[in-house]
Structure formats: C-alpha cells, structure tokens
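As structure tokens, the structure follows; a few thoughts come after it.
The values are calculated or read from the model by the stated rules, or taken from the named source; none is laboratory data. Treat the numbers as computed from the prediction; the structure is a model and nothing was measured. Note: ideal-geometry Cβ built from the backbone for every residue, glycine included; neighbour counts use all protein chains shown. Keep in mind that these areas ignore ligands, DNA and RNA; they rest on the heavy atoms of the full protein, side chains included. Shrake-Rupley method; radii C 1.70, N 1.55, O 1.52, S 1.80 Å.
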Amino acid sequence: MDQEPKHSGATAPTSTTTATLADPAIEQAVRRALADHGRLTVDAQDVALIADLYALGLSSHATVNVMLAVESELDVEFPDSVLNRSTFATVESIVAAAELAS
C-alpha cells in the first residue's frame, strides 16, 4: 500500500503544481503583494499555489495589506462576499478572488 509523503506546515512546497490559473498576470500580482506585505517565512515566488499561507507566516494584519496591494495593482475591489480567511489561505484562492473582482 502506497502512502503519500507528509509535509510539515513550515516548509514551502515548490511552485510546480498541476493547477493552472486563468491569468498568470494576476498570479504574479498576488505573489508581489505577498512578497511585499505578506511577511512570509519563505520567498513568495517559491510558494506552491495550494500551500497554506497562514502556516508560512501570513497574519490577519498582513492579509489586509496583501489584499489592498492586490486591489491597487490590479485596479479591482474584492467583493464583500470573499472577505474571509479561506480566500487568503492560498495563492490559488487569492487569484480566484481577484479574478472574480475583475
């Protein structure tokens, strides 16, 4: 019986995942915002799309700054319906919310 390897929450899986995002420009804007405001313990460019950002150091205060930076760079406004912890849990979920806002 095969078992999947276990990863601790403190490591950053590489950014090579099978998920494909609709707009790579939005992903890069999110990664820049995370690098500038996320206070992650790892390089935002190396974080996998589905890695838990809170396990990598993102705080609720930093989340607000990341959101504001993404909104400013992409000239969008996140709808109230997506303003919750799960929206900012992964790069993938932030990108999806930004796409919804555009």
Next on the checklist: When the residues of the stretch 61-102 are narrowed to those that are more than 13 Å from the chain's Cα centre (by Cα) and hydroxyl-bearing (Ser, Thr, Tyr), which ends up nearest to Arg32 (Cα to Cα)?
Outcome noted: Ser72
Checklist outcome for this item: Restricting the stretch 79-95 to residues that are buried (at least 17 other Cβ atoms within 10 Å of the Cβ) and in contact with a helix residue (DSSP H, G or I) (Cβ under 8 Å, 6 or more places away or on another chain), the one farthest from Ala44 (Cα to Cα) turns out to be Val82
Item to check | Residues that are within 10 Å of the chain's Cα centre (by Cα) and in a loop (DSSP other than H, G, I, E, B), drawn from the stretch 29-49 | outcome: Gly38, Val47, Ala48, Leu49
Item to check | Subset tally (residues that are in a loop (DSSP other than H, G, I, E, B) and surrounded by 19 or more Cβ atoms within 10 Å (Cβ to Cβ)) for the stretch 50-67 | outcome: 4
Item to check | Hits in the stretch 19-28 (condition: open to solvent by 40 Å² or more (accessible area, probe 1.4 Å) and assigned to a loop (DSSP other than H, G, I, E, B)) | outcome: Thr20, Ala22, Asp23
Next on the checklist: Only one of Val70, Val76 is open to solvent by less than 30 Å² (accessible area, probe 1.4 Å), part of a helix (DSSP H, G or I) and under 16 Å from Ser102 (Cα atoms). Can you tell me which?
Outcome noted: Val70
